[in-house]
Amino acid sequence: MKNFFLSLKTAVWLLTCLICVFFLGSYLMPAYRDVHGAMNDRLLFEWVEQVALDHPWVTGWFFLALTALVLLTINTLACSIQAVRGKWSREDFLLRISPQLVHGAFLVILLAHLLGAGWGYRLSGMLPEGASVRLPGDRVLFLREIRAESDPRGYVRDWSARIILYESGRPVADGLLGPNAPLFYGGMGVYLKSFELQPSPAAFLLVTRDPGAVWALAGSVLFVIGTVIILFLKWKKI
């Protein structure tokens, strides 16, 4: 079992299986929209518990992909630990550390996706003026007012919406949303996508939260550093 996780062939086969499983998922997701439609809007574990487990034949590709990713993570960790063990010298430091930076970047980005899918959300919908909606984390979003400015010809040239965010019953954020002017609070972003005035004022709002965004950035930086070092060492040998 130890040699299995230390083998490069294991990584190649796992990646091949992942590609095949993702191809299967790309077919099943549009074919069964009623099952996969809420995958991006709900928390991952909530979707698994409430939807995926009730349709194992349709969502089996997801569990296969998750299993392959777990095995690939173990393979990456085992190979990295094996690579950093032993004696180091100044001459081979960059040569040995650069691949591990790429491996570490891969693991950090996987962690980012897990945090975003498991504890993040992406909610959207029309909210009437003067109405409120409950959000995860004991938060409530209240749409106080919608404003629209028109030019002399009657065309809308600017619009905005004032919102109030409550947490545990207390107001914690008050802001004016506009085109490309969202409100951020506690890792959550509220965006004004569009609005309508008839038959009654309402705004189409998008609320997102991704706790893995910072980790994804860190993983990307590690990947760039590791790749640049590898390219530099390859160029130096030419």
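Read the figures in this text as sums done on the coordinates, not as results from a lab. As the structure is a computational prediction, the values presented were derived from the model and not from experiment. Cβ coordinates were reconstructed from backbone atoms using ideal geometry, including for glycine residues, and neighbour counts include every protein chain displayed.
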I need the peptides 117-129, 171-183 ranked by packing, meaning the mean over residues of other C-beta atoms within 10 angstrom, with the highest value on top.
117-129, 171-183
Could you size up the charge dipole of the chain around its Cα centre, putting +1 on the beta carbon of Lys and Arg and -1 on that of Asp and Glu, and report it in debye to the nearest 20?
1160
Calculated from backbone phi, Karplus (6.51, -1.76, 1.60) coupling profile of region 49-65 in Hz, x at Gly/Pro:
6, 8, 10, 4, 5, 7, 9, x, 6, 7, 9, x, 4, 5, 5, 5, 5
Most positive-pole-ward Cα, Leu177, Pro199, Gly187, against dipole of region 140-238 from beta carbon charges
Gly187
Sum of -39500 (n - 2.57) over DSSP H runs of 4+, divided by residues of the chain (222 nm, nearest 500):
-17000 deg cm²/dmol
Any number yet on Rg/Rh for the chain, C-alpha, Kirkwood?
1.10
Ranking Trp47, Trp235 by Cβ neighbours within 10 Å, fewest first, what do you get?
Trp235, Trp47
Taking the radius of gyration and the Kirkwood hydrodynamic radius from Cα positions alone, what is the Rg/Rh ratio for region 1-86, to two decimal places?
1.10
Cβ-based charge dipole, region 1-86, positive-most Cα from Ala52, Cys20, Ala78:
Ala78
Ranked list, fewest to most other Cβ atoms within 10 Å of each Cβ, for His36, His55
His55, His36
Tilt, helix 8-31 to longest principal axis of the chain (alpha-carbon atoms), in degrees rounded to tens, equals 30
With only Lys, Arg, Asp and Glu charged, each at its Cβ (+1 for the first two, -1 for the last two), find how big the charge dipole of region 84-164 is about the Cα centre; round to the nearest 20 debye.
300
For region 1-86, with only Lys/Arg (+1) and Asp/Glu (-1) charged at the beta-carbon, what is the dipole magnitude about the Cα centre, in debye rounded to 20?
540
